[in-house]
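Presented below is the structure to which this report refers.
The values are calculated or read from the model by the stated rules, or taken from the named source; none is laboratory data. These numbers were taken from a predicted model, which means no experiment stands behind them. Neighbour counts are summed over all protein chains in view; Cβ atoms, including those assigned to glycine, are modelled from backbone coordinates with ideal geometry. These accessible areas exclude ligands, DNA and RNA; they are computed on the full protein's heavy atoms, side chains included. Shrake-Rupley method; radii C 1.70, N 1.55, O 1.52, S 1.80 Å.
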Amino acid sequence: MALSPRGPGEAAGEPAHLRNVVVIWAILSVIGIVAVVFLLPLLLQKPASDADTFDMETMVVFTALAVPVALFVWVFIGYSLLRFRVRGRPGDDGPPLRASAAVQIGWLSITGILCLFLVIWGLVGLYEETATPADASNVLVVDVTGQQWKWTFSYPQYNVSSSTLELQVGRPVQFNVTSLDVLHGFAIQALGVLVDANPDENVTASEVTPNQTGTFDVRCVELCGLYHSLMNASAQVVPADQFRSWVSSQGGSS
């Protein structure tokens, strides 16, 4: 539907409403996109793996693209409410709105291109994550077991089991995740890890390579019972020598 350039009784010299709305929308869209690009990364947790870096970039790009789409609706509604409001009961009907082929084709084209871009973005990200498999001989295997309401981490290569997660920076990790009772959700946001922990000996695998040292939260993101909110653990990403020291302190063997 095309917006009529002038309201009822408006003088010919007054500016077109459609032009006003487009100018307001364009200015607010630029401000909103700039704010998202520069401020949103400051509000999100700093990524500690390539997977989470892509997740953060996706969040920023998708939010930035959503800004002009949302403002397109809000600006038109706000302008209409402020500019065409009347006191009391209107005496006359407004001018009829007629469909515009140009507007319809333009809207479908823009939204179609936007959706195509989002699909391509996701496929490229998926390809980059799976195109180069990690060297199997260097992969650290961690068996993750969830149960109400704690996590257990086992390292079959070192014969070590722990309630805290210790990882080596720069070394690929394969998580083999399962549950002893109900469905849990194994998540380390900073590493971009989110895996279902399914019961009945169903194992779900996920790989990631930490690229930053530090301490990160391990959380359950599936409602799993009364103390679900307390089902947390700590993940330590450390240098290689510190990881070997930790294995020795746990009585493990290489």
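Computing FRET efficiency as 1/(1 + (r/R0)^6) for residue 232 and residue 182, where r is the C-beta to C-beta distance and R0 is 22 Å, gives about 0.85. Between residue 141 and residue 43, the FRET efficiency estimated from the beta carbon spacing at R0 = 41 angstrom works out to 0.75.
Between (1) 1.25; (2) 1.16; (3) 1.19, which matches Rg/Rh (Cα atoms, Kirkwood Rh) calculated for the structure shown? Matching the structure shown: (3). Once both labels are positioned 7 Å from their Cα atoms along Cα-to-Cβ, the gap between residue 27 and residue 85 label points is 2.0 nm.
Under 13 Å from a label point set 7 Å out along the Cα-to-Cβ vector of residue 174, the amide N atoms of the stretch 195-219 belong to 204-208. In percent, rounded to a whole number, the relative contact order of the stretch 107-254 is 23, using alpha-carbon pairs under 8 Å and six or more apart.
Multiplying the sequence separation of residue 62 and residue 250 by 0.36 nm and subtracting their Cα-Cα distance, what value in nm do you get?
Working it through step by step, the gained length comes to 63.3 nm.
Using C-alpha pairs below 8 Å separated by at least 6 residues, the relative contact order for the chain is 18 percent. Accessible surface computed residue by residue for the stretch 124-254, with neighbouring protein chains in place and a 1.4 Å probe, gives 52 Å² per residue.
Working ranking of peptides 108-116, 193-201, 206-214, 240-248 by packing, defined as the average number of other Cβ atoms within 10 Å per residue, highest first, is 206-214, 193-201, 240-248, 108-116. Surface composition of the stretch 108-254: carbon plus sulfur atoms hold 55% of the accessible area, using a 1.4 angstrom probe and ignoring ligands, DNA and RNA.
Electrostatic tally near residue 121: other residues with Cβ closer than 14 Å to its Cβ, Lys and Arg +1, Asp and Glu -1, net -4.
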